[in-house]
Amino acid sequence: MAVSLSASVFTIRLQPAVKKVSALPRIASHTGKELAHNCRRPLRVWSARLARKLLPDLSGKTASGVPIPGDLVLVGYVSGAYGIHGWVRIRAYSADADALLSARTWWLDKPDFHDVEMMQAKTHGGDVVASLMGVTGRDAAETLKGATVQISRSHFPALSDDEFYWVDLIGLAVENLDGTHLGLVADMMDNGAHPILRVAVPETPDSGKSQHEILIPFVDRFVKTVDQAAKKITVDWELDY
């Protein structure tokens, strides 16, 4: 089985014995892919480690009369102007910025929270540079410096069946092959070789241990299934590993 993750923006793919994550930037806009590998074959994961950054709950509200989507994901921030024609430079929170490149509507929080149409975007020197509707001239672009950029999860590029966004794995229950509940996915991280699940283990009265976390390599040697519908990941792992 191959499994992949893509987060706020990173993606992961689980393959026989290893999981792979793509880290190559694109000119269209995803939230970020990274390549990771395990003892055998890699798996791909979309990573969005900052996608779950604490932000105000804006679901159900409106900005300038436009309903704010309830599934916004933080994907980067405006680091400054690019050129003299009003383009902005975006520092993405993922190595692969496919979502930024493809989503036509971005949400910025400066000068106030609002949506803006992305006219054109491309990667440049590790960042994303973009032309936004209504932003003309370098001075106008500079006023957006520091603004966070959010995109609706529904606008993320579609993934293959064996790929996942990191942001979609956060909160999933983790069970081992014996059906023992190990905890919930609290976060994802990448150690350079492969993605890793950070699983928050709840405190149990009989164990005498306070809440702690276990780290499980996201490779198919250990991760057997990812069932998003059931909100569960099955792993070949024990609490005392």
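Stokes-Einstein diffusion for segment 123-241, with the hydrodynamic radius set to the Kirkwood value over Cα pairs and evaluated at 10 °C in a medium of 1.306 mPa s, equals 91 µm²/s. Among 188, 133, 118, the ranking by other beta carbons within 10 Å of each residue's beta carbon, starting with the fewest, stands as 133, 118, 188.
The stretch between residue 225 and residue 177, if pulled fully straight at 0.36 nm per residue, gains 16.3 nm over its current Cα-Cα span. With the gyration tensor restricted to C-alpha atoms of segment 80-175, the semi-axes of the equivalent ellipsoid amount to 28, 14, 12 Å, longest first. Maximal additional length on extending the residue 110-residue 187 stretch stands at 24.9 nm, based on 0.36 nm per residue less the C-alpha distance.
Each reported figure results from applying straightforward, stated rules to the coordinates on display, with no laboratory input. Bear in mind that the values here come from a model prediction, so they are computed numbers and not experimental data. Please note: Cβ atoms are built from the backbone with ideal geometry, for glycine as well, and neighbour counts cover all protein chains shown.
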